[in-house]
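Peer 1: Have a look at this one.
The values are calculated or read from the model by the stated rules, or taken from the named source; none is laboratory data. Worth saying up front: this structure is predicted, and the values here are computed from it rather than measured. With ideal geometry, Cβ positions are generated from the backbone for all residues, glycine too; neighbour counts draw on all protein chains shown. We work out accessible area using only protein heavy atoms, side chains counted, and drop any ligands, DNA or RNA first. Shrake-Rupley method; radii C 1.70, N 1.55, O 1.52, S 1.80 Å.
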Amino acid sequence: AIGDLYVKSGDYVGAEKAYGEELKLTPGNPVILFRYGASLVKLGKSGEALGHLTKALELDPANEEIYFDLGKALFDEGRLEEAEAIFQKAVGARAPDSALMMAHYHLSQIYRRSGQADKAKQHLELFSKLKSESGDEGAP
């Protein structure tokens with residue numbers, strides 16, 4: 001999809017437009033729903049992304065990558081209990097290491113905000129371990 005080229009270049013505005021056009025042609029395509037939703041999350045439009053990501057997960061529940069972006073959108077919208085459940089599924093799935101790493105990070109933030117220091121520390125340690133293994137200096 002043309003949107004993929006925009007994503008690779010870091011142009012999420014272009015990706016949003018391209019995936020939006022593709023959705024008009026294939027409205028039930030879970031891959032495009034997911035990629036469109038993920039682009040919206042990157043642009044800070046998490047509220048708008050939720051419907052697309054939820055629909056993508058309903059249509060393709062085996063796609064573990066959807067869990068992270070859906071969890072991130074829920075987190076951004078302050079829906080922490082729902083985000084926690086989705087991030088827990090991401091941790092239990094065979095998600096790519098970068099998504100798994102960020103799921104642990106967001107879980108640590110959810111538990112920190114809810115006063116569950118032990119759980120927050122556990123997930124922050126897992127995040128740090130994955131981050132050091134990946135050499136990803138761009139992660140929080």
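Peer 1: Please give the charge dipole size of the stretch 46-140, origin at the Cα centre, charges +1 on K and R Cβ atoms and -1 on D and E Cβ atoms. Round to the nearest 20 debye.
Peer 2: Approximately 340 debye in magnitude.
Peer 1: Using Cα centres only, tell me the gap between the stretch 3-27 and the stretch 28-96 in whole Å.
Peer 2: So the separation of the two Cα centres works out to 17 Å.
Peer 1: With every protein chain present, what is the per residue accessible area of the stretch 44-105 (1.4 Å probe, Å²)?
Peer 2: Result: 48 Å² per residue.
Peer 1: Please sort by residue number the GluC sites (Glu not before Pro) in the stretch 47-140 whose DSSP state is loop and whose Cβ has at most 12 other Cβ atoms within 10 Å.
Peer 2: 137
Peer 1: Same structure, new question: Give 42/89; 72/119; 17/129; 42/131; 55/89; 8/119 a once-over and call out the pairs whose C-alpha atoms are over 26 Å from each other.
Peer 2: Exceeds cut-off: 17/129; 8/119.
Peer 1: Moving on to the next point. When the accessible area of the chain is computed with all protein chains present and a 1.4 Å probe, what percentage of it is carbon and sulfur?
Peer 2: It is 52 percent, rounded to a whole number.
Peer 1: State whether the stretch 30-83 is rounded, prolate or oblate according to the following rule on the C-alpha gyration tensor (a ≥ b ≥ c being the square roots of its eigenvalues): a/c under 1.5 gives rounded; otherwise a/b larger than b/c gives prolate, and the remaining case gives oblate.
Peer 2: Note, shape of the stretch 30-83 comes out oblate.
Peer 1: When Lys and Arg each count +1 and Asp and Glu each count -1, what net charge do the other residues less than 13 Å away from residue 18, Cβ to Cβ, add up to?
Peer 2: Net of charged neighbours comes to -1.
Peer 1: Continuing with the same structure: What list of ³J(HN,Hα) values in whole Hz, one per residue of the stretch 71-83 in order, does the Karplus curve 6.51 cos²θ - 1.76 cosθ + 1.60 (θ = phi - 60°) give from phi, with Gly and Pro shown as x?
Peer 2: x, 5, 4, 5, 4, 4, 8, x, 8, 5, 5, 5, 4
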